[in-house]
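Participant: What follows is a structure written as structure tokens; I'll ask about it next.
The values are calculated or read from the model by the stated rules, or taken from the named source; none is laboratory data. None of the values given here were measured: they were computed from a predicted structure. Glycine gets a Cβ as well: all are built from the backbone with ideal geometry, and neighbour counts include every protein chain shown.
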Amino acid sequence: MVPDSSWSQQVAALAEEGACALAAAPNEIALREVYARYGGQKGSVKRAVSEAIARAPKEEKRTVGQTGNGALERIETAFASRLAALADAARARDLERSVDVTLPGRAPRIGHLHPITHARREIEQIFARLGFALATGPEVETDFHNFEALAIPKDHPARDMQDTFYLAQGSDLLLRTHTLPVQIRTMLAGPPPIRIICPGAVYRRDDDPTHSPMFHQVEGLVVEERVTFADLKGTLLHFCQAFLGPATRLRLRPSFFPFTEPSAEVDISCVFCGGTGCRTCKGGGWIELGGAGMVDPEVFRQVAYDPEKYNGFAFGFGIDRMAMLKYRINDIRRLYEGDQRLSEQFG
Ligand code: DAH
């Protein structure tokens, strides 16, 4: 008997034991556990081989090493073949479970667009027919684009921490409080003529339970060499009648905005009572949609447009408000509750 034979028998027996345990592993987790015990650089087989080599007389180390490599390979092969067998079995089980060609197919559940999305798309289409391009901008804005360039002075209440979400105390970044900054970005990006609408989400701090801290506006801007207040009024009237029906009437009330001159508050005749007065319009017959006006020359100076050469009109409406009017939804909170029964009515 060669002196190393007991060692090589031990190594072979260990490898045999490991290979049997691997072949018997019921699942991949168990398999990997068994492998961690026997296989690899840290497993018991490798350890036994190293020990055997250390103890073997010099002239036999080589043979011991070769036997040891065989044992290590045995573990690797047993591991790989069990892994493949488990994968095959899993695939076979899946196939058995999922293919029954006699069953009727399952129709995919079709979702519904939210009423605000419906309203936004229709608004976009109405303005597209009038030649307005769609513009978008970031919801995280700079103080410059949201306030400064719009001639909204530093002490204006809108800039107060009470009304605006700033990203951090003293930060220049904020969540846009209106879609007006898209006007600024569009004008900074290139020269007139401009004819855009920009729909999007806006944010305001408001703890009044009937207001949502996020809502949607659509902004319009036209800049050309000769546009008038009559163009503004005609555009708004056409839009309101296309969106809410041909009986809709428009009313412009003198108002003030830092970024328009002259400015107007835009009202439409109440869609619920037709203007005779009801609960929704609080008896007045009119409902406020938003603001509008002729672009203030100061805004043109901020974007390096020549106020002597160009003029323009702008308007901003609440999309949520318009969706509520069109679809007769009486509480703005309904739009944000995520109750699918609401959107299911808008298939
Ligand atoms: N940004 C105003 C608001 O949030 C609405 C508005 C008024 C937008 C007049 C305009 C405008 O573009 O010209 O209440």
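Participant: Could you give every pair whose Cβ atoms fall below 6 Å, whose first residue belongs to region 270-297 and is more than 21 Å from Phe315 (Cβ to Cβ), and whose second residue is more than 10 Å from the ligand (Cβ to nearest atom) and not in a loop (DSSP other than H, G, I, E, B), counting only separations of at least 6 or pairs across chains?
Facilitator: Close Cβ pairs satisfying both conditions: Gly275/Ser269.
Participant: Do we find that Leu237 is at pLDDT 95 or above, farther than 23 Å from Gly200 by Cα, more than 13 Å from the ligand (Cβ to nearest atom) and surrounded by fewer than 20 Cβ atoms within 10 Å (Cβ to Cβ) in this structure? Working first, answer last.
Facilitator: Details: at pLDDT 95 or above: yes; farther than 23 Å from Gly200 by Cα: no; more than 13 Å from the ligand (Cβ to nearest atom): yes; surrounded by fewer than 20 Cβ atoms within 10 Å (Cβ to Cβ): yes.
No.
Participant: Quick one: would you say Pro246 is over 17 Å from Gly318 (Cβ atoms), touching a Lys or Arg at 6+ places or on another chain (Cβ under 9 Å) and not in a strand (DSSP E or B)?
Facilitator: So Pro246 does not fit the description; no.
Participant: Which of the strands (runs of 3 or more DSSP E) found entirely inside region 110-207 contain at least 3 residues meeting this: surrounded by fewer than 14 Cβ atoms within 10 Å (Cβ to Cβ) and among the aromatic types (Phe, Trp, Tyr)? Let's see the steps before the verdict.
Facilitator: On the way: elements: 140-142, 173-175, 194-203.
Result: empty, no element qualifies.
Participant: Are there any helices (runs of 4 or more DSSP H) wholly within region 267-347 with 3 or more residues that are modelled with pLDDT of 90 or more, crowded, with 21+ Cβ neighbours inside 10 Å and assigned by TED's automatic domain parsing to the domain that holds Ala151, and if so which?
Facilitator: Details: elements: 297-302, 319-327, 340-343.
Because the criterion is at least 3 residues that are modelled with pLDDT of 90 or more, crowded, with 21+ Cβ neighbours inside 10 Å and assigned by TED's automatic domain parsing to the domain that holds Ala151, the helices (runs of 4 or more DSSP H) in region 267-347 that meet it are 319-327.
One line per residue, one yes/no per condition, for (1) charged (D, E, K, R); (2) at negative phi; (3) more than 15 Å from the ligand (Cβ to nearest atom); (4) touching a Ser or Thr at 6+ places or on another chain (Cβ under 9 Å):
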{"position": "Pro246", "(1), (2), (3), (4)": "no, yes, yes, no"}
{"position": "Phe257", "(1), (2), (3), (4)": "no, yes, no, yes"}
{"position": "Thr260", "(1), (2), (3), (4)": "no, yes, no, no"}
{"position": "Ala264", "(1), (2), (3), (4)": "no, yes, no, yes"}
{"position": "Phe272", "(1), (2), (3), (4)": "no, yes, yes, yes"}
{"position": "Gly290", "(1), (2), (3), (4)": "no, no, no, no"}
{"position": "Asp296", "(1), (2), (3), (4)": "yes, yes, no, yes"}
{"position": "Val299", "(1), (2), (3), (4)": "no, yes, no, yes"}
{"position": "Pro307", "(1), (2), (3), (4)": "no, yes, yes, no"}
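Participant: Here's another thing I want to ask about it. Could you say whether any residue in region 137-154 is assigned by TED's automatic domain parsing to the domain that holds Glu298 and modelled with pLDDT under 85?
Facilitator: yes
Participant: Still on this structure, I have one more. Report yes if some residue within region 215-226 is surrounded by 14 or more Cβ atoms within 10 Å (Cβ to Cβ), within 14 Å of the ligand (Cβ to nearest atom) and either of a type in the set (Ser, Thr, Tyr) or not assigned by TED's automatic domain parsing to the domain that holds Gly291 (or both); otherwise report no. Don't jump to the end; show me each part of the working.
Facilitator: Taking region 215-226 first, the residues surrounded by 14 or more Cβ atoms within 10 Å (Cβ to Cβ) are 215-224.
This time we only want the ones that are within 14 Å of the ligand (Cβ to nearest atom), so: 215-223.
Retained after the next criterion (residues that are either of a type in the set (Ser, Thr, Tyr) or not assigned by TED's automatic domain parsing to the domain that holds Gly291 (or both)): none.
Within region 215-226, none of the residues are surrounded by 14 or more Cβ atoms within 10 Å (Cβ to Cβ), within 14 Å of the ligand (Cβ to nearest atom) and either of a type in the set (Ser, Thr, Tyr) or not assigned by TED's automatic domain parsing to the domain that holds Gly291 (or both).
Participant: Ok, one more. Restricting the search to region 278-288, which residues are of a type outside the set (Val, Ile, Thr) and either within 24 Å of Glu219 (Cα to Cα) or within 16 Å of the ligand (Cβ to nearest atom) (or both)? Quick ask: steps written out before the conclusion?
Facilitator: As a first pass, look at region 278-288 and keep what is of a type outside the set (Val, Ile, Thr): 278-279, 281-286, 288.
Passing the criteria: Cys281, Trp286, Glu288.
Participant: Here are the criteria: (1) in a strand (DSSP E or B); (2) out of contact with any Gly (no Cβ under 7 Å at 6 or more places or on another chain); (3) not charged (D, E, K, R). Tell me which single one Ala230 does not satisfy.
Facilitator: Just one mismatch for Ala230, condition (1).
Participant: Now, a different point. Given the residues Pro199, Pro192, Pro254, which is the only one that is at pLDDT 95 or above, touching a strand residue (DSSP E or B) at 6+ places or on another chain (Cβ under 8 Å) and under 21 Å from Ala304 (Cβ atoms)? Reasoning before the result, please.
Facilitator: Working: Pro199 fails: under 21 Å from Ala304 (Cβ atoms); Pro254 fails: under 21 Å from Ala304 (Cβ atoms).
It is Pro192.
Participant: To continue, here is another question. Provide a single number: the residues in region 247-266 that are of a type in the set (A, V, I, L, M, F, W, C), surrounded by 15 or more Cβ atoms within 10 Å (Cβ to Cβ) and more than 26 Å from Ala158 (Cα to Cα).
Facilitator: If we filter region 247-266 for residues that are of a type in the set (A, V, I, L, M, F, W, C), which is where we start, we get 247, 250, 252, 256-257, 259, 264, 266.
With surrounded by 15 or more Cβ atoms within 10 Å (Cβ to Cβ) added as a condition, the list becomes 250, 252, 257, 259, 264, 266.
Still in the running and more than 26 Å from Ala158 (Cα to Cα): 250.
The total comes to 1.
Participant: Do you know which residues across region 91-106 are among the acidic types (Asp, Glu) and under 37 Å from the mean Cα position of the chain (by Cα)?
Facilitator: Quick first cut of region 91-106, residues among the acidic types (Asp, Glu) only: 94, 96, 100.
Asp94 - this is the single residue of region 91-106 that is among the acidic types (Asp, Glu) and under 37 Å from the mean Cα position of the chain (by Cα).
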